[in-house]
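This report refers to the structure that appears directly beneath it.
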Amino acid sequence: MIYIGCHLSVTNGYEAMGRQMLSFGGNTFSWFTRNPRGGKSKDVIPSDVKALADILEEKKFGKLVAHASYTMNLCSANPETRANGLDMLKKDLEKMEALPGQYYNFHPGSHTGQGADVGVEQIAEGLNKALFPEMKTIVLLETMAGKGSEVGRSFEELRQIIDLVELDDKLGVCFDTCHTWDAGYDIVNDLEGVLHHFDKVIGLERLKAVHFNDSKNDCGSHKDRHEKLGQGMIGMDAMKKIATHPVFEGLPFILETPNDDEGYIQEIALVKEWT
Ligand code: FE
Ligand code: FE
Ligand code: ZN
């Protein structure tokens, strides 16, 4: 089996997210550690986190996949943006320790014209400053569509980052199906080939989570526009093949599809039916 859930709002706190996901029929979820466009993060209330931890255990949830702010960019050409990004990362990782053993996913960054090599180095530099040996969180690099100057558009770029990070046992990868497809990996006609390539370059032991999205655009489009399951260019057959592939066994699948609550409830039910 896999774990399935969707992205939720943290507005009403941690326990509320757990209860909401139960009502949606899922057993994992993601949330933004702070406003997705940047800004302050809510303080963690210990009793609220404890209440969620109890739900996770009692209801046998899979790993949760927190998502960093989109504004966090560890490889911007602007040093101030980079410093801000590092500050956000450090604070987020500290906060994650309130709920030990979960995943924290982030977009590696956009090099804003510096070139991917410089981007890779600056991202690794940020991670080297932020990761600490005692941490219980695994930090996930998300596979990116390659929109604009995004770093992480290829498995090789993710590998380069991992290679430069000292505490690389704290690192994993989140496989976003829309992004990977948009980046040019043909998960529709050659899922086996793509997974084999992932294994060769990164290693399947780093594969920790899936962002489960269809795509509005074609393979290699570098667009990053998510679509509802089965209504995009990846299509229902390929989505089902991914969800039921043994390589993803036991991983949290997070829907980031353009849906309202009812749509998520339906997609969660559908994936549960498959798996
Ligand atoms: Fe993302
Ligand atoms: Fe994603
Ligand atoms: Zn996306």
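Before moving on, here are some points about what is shown:
- For the chain, the convex hull spanned by the alpha carbon atoms encloses 111 Å³ per residue.
- Accessible surface for the chain, divided over its residues, is 43 Å² per residue with a 1.4 Å probe.
- Annotation for W274 and D261: the two label points, set 7 Å from Cα along the Cα-Cβ direction, are 2.5 nm apart.
- Within the accessible area of region 3-274 (1.4 Å probe), percent carbon and sulfur: 48 percent
- Distance between the pseudo-spin-label points of W31 and N12 (7 Å out from Cα toward the beta carbon): 1.1 nm.
- Under a model in which nothing but the beta-carbon of Lys, Arg (+1) and Asp, Glu (-1) is charged, region 10-146 shows a dipole of about 300 debye around its Cα centre.
- Normalised Debye scattering of region 18-162 at q = 0.09, 0.10, 0.14 Å⁻¹ gives log10 I(q)/I(0) of -0.29, -0.36, -0.68, counting only Cα atoms as equal scatterers and leaving out solvent.
- Given charges at Cβ of Lys, Arg, Asp, Glu: the chain dipole, positive-most of N35, A183, F61: N35
- Annotation: for a label point projected 7 angstrom from Cα along Cα→Cβ of D163, residues of region 107-139 with backbone N closer than 16 Å are 116-125.
- Built amide H within the under 5 Å cut-off of L140, gap 5+: Y104, N105, F106, G172
- Dipole-positive endmost among F253, H197, C219 within region 168-275 (Cβ charges, Cα centre): H197
- Amide H contacts of E227 (H built 1.01 Å from N, in plane; Pro and chain starts excluded): D214, S215, K216 sit under 5 Å, all sequence-distant by 5 or more or on other chains.
- Other residues lying with their Cβ under 11 Å from the Cβ of K147 contribute a combined charge of 0, Lys and Arg counting +1, Asp and Glu -1.
- Farthest positive-ward along region 3-274 dipole, Cα basis, beta-carbon charges - from S23, A243, L131: S23
- Cβ charges +1 (Lys, Arg) and -1 (Asp, Glu), total dipole of region 127-172, debye: 160 debye
- Here the Karplus curve 6.51 cos²θ - 1.76 cosθ + 1.60, taken at θ = phi - 60°, turns the phi angles of region 171-179 into couplings of 10, x, 10, 9, 8, 8, 5, 5, 5 Hz, with x standing for Gly and Pro.
- Estimated dipole of the chain in Debye, rounded to 20 [Cβ of Lys and Arg +1, of Asp and Glu -1, Cα centre]: 520 debye
- Label positions at S47 and E125, each projected 7 Å from the Cα along the C-beta direction, are separated by 4.5 nm.
The values are calculated or read from the model by the stated rules, or taken from the named source; none is laboratory data. This is a predicted model, so every value here is computed, not measured. Neighbour counts are summed over all protein chains in view; Cβ atoms, including those assigned to glycine, are modelled from backbone coordinates with ideal geometry. Surface areas here come from the heavy atoms of the whole protein model, side chains and all, with no ligands, DNA or RNA. Shrake-Rupley method; radii C 1.70, N 1.55, O 1.52, S 1.80 Å.
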